[in-house]
Amino acid sequence: RERFDRYRSAIVNEPRGSDVLVGALLCEPVDRSCAAGVIFFNNVGYLGMCGHGMIGLVVTLAHLGRIKPGGHRIETPVGIVTATLHEDGAVSVRNVDSHRKAHGVEVNLGDAVPKGFPHKVSGAVAWGGNW
């Protein structure tokens, strides 16, 4: 981050990128049972995991001839993700385990909600590889 963040910024920010773009830095995995290692990034910073980025990465690895159809372990900053490249080219992903960080979190929506709707909602905060 300290030495090369300008490259991340140049790749995903305007004029070449946009706030919806996610990049993937392909790395050699530390765990040799993995087909690849990856660090995802966007216009804000670095991501622990990205579902649609993982799908794109698996298709790219297949296009490069690095993987064939079947299950593959991919190393990410938040853990190992298992991705399956199906014979028809479809990809399915088994992400890292999710967990609930907090429950009963109340959010005040203020006066911007339409009349008759609640001004407060409550729910849970969950983590599934990325905040």
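So the values come out like this:
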item: Long-range amide H partners of residue 79 with built H, under 5 Å; result: none
item: For the stretch 7-22 versus the stretch 83-131, the gap between their alpha-carbon centres in whole angstrom; result: 25 Å
item: Distant-in-sequence amide H partners of residue 47 (H built 1.01 Å from N, under 5 Å); result: 40, 41, 42
item: Whole-Hz ³J(HN,Hα) from phi, Karplus 6.51 cos²θ - 1.76 cosθ + 1.60, for the stretch 56-68, glycine and proline x; result: x, 5, 4, 4, 5, 4, 5, 4, 7, x, 7, 9, 10
item: All aspartates and glutamates inside 18 Å of residue 120 as judged from Cα atoms, apart from same-chain residues fewer than 8 positions distant; result: 106, 111
item: Relative contact order (%) - the chain, alpha-carbon pairs under 8 angstrom, separation at least six; result: 17 percent
item: Rounded D (µm²/s) - the chain, Kirkwood Rh over Cα pairs, Stokes-Einstein at 37 °C, 0.692 mPa s; result: 193 µm²/s
item: Gaussian network model of the chain, springs between alpha carbon atoms under 10 Å - residue of 56, 110, 17 with greatest fluctuation; result: 110
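Where a number appears in this text, it was derived from the coordinates with a stated rule and is not lab data. No experiment lies behind these values; they were computed from the predicted model shown.
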